[in-house]
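Here the structure is laid out as structure tokens; the discussion comes afterwards.
The values are calculated or read from the model by the stated rules, or taken from the named source; none is laboratory data. From a predicted model like this one, the values you see are computed outputs, not experimental measurements. Heads up, the Cβs are rebuilt from the backbone with ideal geometry, glycines too, and the neighbour counts pull from every protein chain shown. In case anyone asks, the SASA skips ligands and DNA or RNA and just uses the protein heavy atoms, side chains included. Shrake-Rupley method; radii C 1.70, N 1.55, O 1.52, S 1.80 Å.
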Amino acid sequence: DPESYHSCPSYNVSSWASYMTNSPTMIVMIGLPARGKTYMSKKLTRYLNWIGVPTKVFNLGVYRREAVKAYKSYDFFRHDNEEAMEIRKQCALVALEDVKTYLNEEGGQIAVFDATNTTRERRDLILDFIQENAYKVFFVESVCDDPEVIAANILDVKVSSPDYPETHRERVMDDFLKRIECYKVTYQPLDPDEYDKDLSFIKVMNVGRRYLVNRVQDYIQSKIVYYLMNIHVHSHSIYLCRHGESEHNVQGRIGGDSELSPRGRQFASALREFIEEHKLSDLKVWTSQLRRTIQTAEELGVPYEQWKILNEIDAGVCEEMTYEMIQNTFPEEFALRDQDKYHYRYPGGESYQDLVQRLEPVIMELERQGNVLVICHQAVMRCLLAYFLDKSGDDLPYLKCPLHTVMKLTPVAYGCKVEMFYLNVEAVNTHRDRPLVSPHLSLWCSLLQYEILMENIKYSF
Amino acid sequence: MPRELTQNRIQKIWIPSKDGKPSMPRTSHGGPHLANPPTVIVMVGLPARGKTYISRKLTRYLNWIGIPTKVFNVGEYRREAVKHYSTYDFFKSDNEDAVKIRQQCALAALRDVKTYLTEEEGQVAVFDATNTTRERRDMILEFGAVNGFKIFFIESVCDDPNVIACNILEVKVSSPDYQDCNKTDAMEDFKKRIECYRMNYQPLDPDQYDKNLSFIKVIDVGRRFLVNRIQDHIQSRIVYYLMNIHVQPRSIYLCRHGESQHNLQGRLGGDSGLSTRGRKFAGALAKFVEEQNLKDLKVWTSQMRRSIQTAEALNVPYEQWKALNEIDGGVCEEMTYEEMRERFPDEFALRDQDKYYYRYPSGESYQDLVQRVEPVIMGLERQENVLVVCHQAVMRCLLAYFLDKSADEMPYLKCPLHTVLKLTPVAYGCKVESITLNVEAVNTHRDRPEEVKRGPSTLIRRNSVTPLTSPEPSKKPRIEGLDDTIIREVTPTQLTLCSTSHTTLALSTQHWLSEACLT
């Protein structure tokens, strides 16, 4: 019953996530500036949200920039600058209040507290907060003493930070290095042997060369550790594309296991040229186990690997039908799908939500790899893209993944750069936009009423 | 022109063909490349630190997910070479003759490792020995370098006397070494044995000497881990697995849903409800669970109606996993075996030919099931007491993991309706108790057919998900064979030999090798 389904927000949390942990968790980052804390926070948050665990980052720097409109110099960060210290502490308390709201009232399950948290005093404050609220806590400390890595980080993300709007690169580097020195004076790393031996944490050393993992409490923490151990920062690109146009595509049928159409075969050739042009070294090629992706890969003349889990979404009883046939044969199902395309499961088939769970090992392996070309399918590609571009379950099923187009994803700073390459071979369009008319007529009416009300209020002033 | 594709008849995998016959696929596999080149996992640690426990459990897991793995336990080689163990004196570091024998055993084991990885299609070899000195580990590293094997160390460090005493009681006191001793004497002797090793123990040093090695240090039975330089996918999977296992006593209960309407009609798959007898079973299960009197029992079901209905009767919270759904029968869903035989006679025959790899058209195979169900296994490892209410094929998969059954045996494991299997970890394995809840049900089991003709079409086994039973640990000492190999002179510094020995053992040869490249 879709009505009750929507009225229980907790229902949307993937049912398999609940065995992972039995209370909200705070992930607390620790480390000097330019150690990759924000990079890890954002990436981890993106991953957790994608697998269905509602997660949010709370970055203390953002709070500080709100409180102190204009950053002048590193002097703000000196530990003997009492006024600044007070402001910074206030910011931390405000951020913690927001964490509490998120975890208690907004359906959040994990809050990532992204700040230096380099002193025991600050961490003890957080531990008190945790205890008051009966949350779990997991620390992620990043330790790095390789000056090249640190300099690269600063150039990559700090130089373009709001703190340094127009200044000269070298001046920025200089100021930032001095900022780091301020923190170093009072830095107390996690001590696994004595002071911190009962805490749950992972120490990431030198960008993943080594890890120290202490007292993992539950499944979600072990997944977080596994994820952090698989990500790397080497530059690489991931290419996503669909199989060439298939016979079913031409007939407007979904699913099935048909062959490439003549235009699909043309695309496969164009894809081979594309790969040759881009001179990708050590490119791995992955396909699904459906004929149309394998036929596409065959044309490339390079080794490829088949993954069953890259197969297209299983449309169950609707397999091989056209959308028209579905609408005629299963009109209710057809309407339900448009209501909530992400959670909607075809009878005897799968939902996008199921797909995400199925695809998780692919994502993990993509994180480990270098250059990879994934030849897959529309729904699958949408899921993978949503992971890289941090798209919600709401947007995911409507991402545009046209045939005969390759998307090149390159990690950059805190996110992903996307380049689209249309390989100039015509194909049918298989995309269905989000329906314009909201199926919830009553909701739509209330929204309309609300708008009218707001308009009235506006005019009354 | 792209090559023509044909679909392999059993696995339904598309591979390129020549003239309508599947050619050897250039590269297509059932799944990703997992362990290439071969890897030697080297255990490190004092006795009674759980090395063999970890070795065997890890090997069972790797074989189940399809990576051919085997344990090489040097203690077994030693027991073959030295027929009768007398006292801990054998392990004294100044016992020259014994040191030589132990060295030879290690080398023999390494030679078998090489054979396994290069000639027997093994992908991972677990070298289970103390390996507590740098000298021994350097020898192994050289062995790896010469043969092109990756080396990954697993060190177990534990100083909790309770844990150690417990380990000794559980697995050492009953070892063949102590078959003529009483418990107390055995315990005493074993403790002294540990002291012999402790004197020369050089733990892995992540800061200096060993900083470039790939390893995981497991500290205090998993309380803490130090992980250094993971090189590849398989090492990262191994680390993940080790971080999820624990040694708390607990039991895992596996059962199927109660008898369903489809069961009564002999139909496969579908999503029918419970029959009357099925509902009766659910009630009996509730009573059974109560009687077990467990603290914190977790209950997991699939997302199919029959398993949820069964759990509902228990009146406790339960969690649904789609991954626990029954095997997808594809086009054969909801048919009886008779109907399947009539409508798809070829498929019916193919399935009997190779039930593990056989994939229903548009459906799944047992091989697919293993991949699907792996996260459930990982979850089960983390948990304590769990009851899993699932389905016949799924239960066979899970059981094969816990009882170390091969792909060949898995599809024929007996998992009758209305029967609960209680699995309790004990020593190095799993104790199974089968509890029938006394509610009648149909029998859904089909035995392996008498004449199963193996067809010519075969199966792409390599890198596909193929559980193999963990092979018997190698016992053959091959010490005699060492005479034939090239023996090189060794500089005295390579072994810490001390003065006189007082062993009464007769040695067939006084030669000892320190070169790791055994030919």
So A:N328, is it open to solvent by 50 Å² or more (accessible area, probe 1.4 Å) and on the phi < 0 side of the Ramachandran plot: yes
Residues satisfying the stated conditions in region A:37-50, i.e. open to solvent by less than 10 Å² (accessible area, probe 1.4 Å) and either over 12 Å from A:Y227 (Cα atoms) or among the small types (G, A, S) (or both): A:S41
Out of A:S235, A:S258, sole residue that is out of contact with any Cys (no Cβ under 9 Å at 6 or more places or on another chain) and at pLDDT 95 or above: A:S258
Failed criterion for B:W300 (all others in (1) open to solvent by 10 Å² or more (accessible area, probe 1.4 Å); (2) at pLDDT 95 or above; (3) in contact with a Leu (Cβ under 9 Å, 6 or more places away or on another chain) hold): (1)
Residue check, A:Y102 at pLDDT 90 or above, within 30 Å of A:H343 (Cβ to Cβ) and crowded, with 16+ Cβ neighbours inside 10 Å: yes
Helices (runs of 4 or more DSSP H) within region A:206-286 that include 2 or more residues away from chain B (no Cβ under 12 Å) and free of Cβ contacts under 8 Å to residues at least 12 places away in the same chain: A:262-278
Spans of helices (runs of 4 or more DSSP H) in region B:174-284 with at least 1 residues out of contact with any Pro (no Cβ under 6 Å at 6 or more places or on another chain), within 14 Å of chain A (Cβ to nearest Cβ) and under 26 Å from B:Y61 (Cα atoms): B:233-244
Flag if A:E148 is of a type in the set (D, E) and either assigned to a helix (DSSP H, G or I) or under 21 Å from A:D114 (Cβ atoms) (or both): yes
All positions within region B:303-323 that are open to solvent by less than 30 Å² (accessible area, probe 1.4 Å) and among the basic types (K, R): B:R306
Given (1) in a loop (DSSP other than H, G, I, E, B); (2) more than 9 Å from chain B (Cβ to nearest Cβ); (3) open to solvent by 40 Å² or more (accessible area, probe 1.4 Å), index of the condition A:K197 fails: (2)
Single condition B:L350 does not satisfy, out of (1) open to solvent by less than 40 Å² (accessible area, probe 1.4 Å); (2) more than 10 Å from chain A (Cβ to nearest Cβ); (3) farther than 23 Å from B:G66 by Cα: (3)
Elements of type helices (runs of 4 or more DSSP H) contained in region A:290-359, each with 1 or more residues being at the interface with chain B (Cβ under 9 Å from one of its Cβ atoms): A:291-298
Failed item in (1) in contact with a strand residue (DSSP E or B) (Cβ under 8 Å, 6 or more places away or on another chain); (2) more than 14 Å from every other protein chain (Cβ to nearest Cβ), with B:E312 passing the rest: (1)
Checking A:G107 against (1) without any contact (Cβ under 8 Å) to a residue 60 or more places away in the chain; (2) of a type outside the set (K, R); (3) open to solvent by 20 Å² or more (accessible area, probe 1.4 Å), the condition it does not meet: (1)
Residue check for B:N95: open to solvent by less than 20 Å² (accessible area, probe 1.4 Å) and touching a His at 6+ places or on another chain (Cβ under 8 Å): yes
Top-ranked residue in region A:238-265 [being among the polar types (S, T, N, Q) and out of contact with any Asp or Glu (no Cβ under 9 Å at 6 or more places or on another chain); ranked as most open to solvent (accessible area, probe 1.4 Å)]: A:Q251
Members of region B:165-182 that are more than 24 Å from B:A81 (Cβ to Cβ) and surrounded by 13 or more Cβ atoms within 10 Å (Cβ to Cβ): B:A165, B:C166, B:N167, B:L169, B:E170
Yes/no for A:V172 being under 29 Å from B:R224 (Cα atoms), away from chain B (no Cβ under 14 Å) and among the aliphatic types (A, V, I, L, M): no
When residues of region B:324-347 are limited to those that are part of a helix (DSSP H, G or I), open to solvent by less than 10 Å² (accessible area, probe 1.4 Å) and within 14 Å of chain A (Cβ to nearest Cβ), the one nearest to B:Q11 (Cα to Cα): B:C332
Positions within region A:153-191 being of a type in the set (D, E, K, R), modelled with pLDDT under 90 and not in a helix (DSSP H, G or I), in sequence order: A:D163, A:E166
In region B:262-277, the residues that are on the phi > 0 side of the Ramachandran plot and open to solvent by 10 Å² or more (accessible area, probe 1.4 Å): B:G266, B:G269
Residue in region A:77-92 that is of a type in the set (A, V, I, L, M) and touching a Cys at 6+ places or on another chain (Cβ under 9 Å) present: no
Given (1) surrounded by fewer than 18 Cβ atoms within 10 Å (Cβ to Cβ); (2) in contact with a strand residue (DSSP E or B) (Cβ under 8 Å, 6 or more places away or on another chain); (3) away from every other protein chain (no Cβ under 14 Å), number of the condition A:V149 does not satisfy: (2)
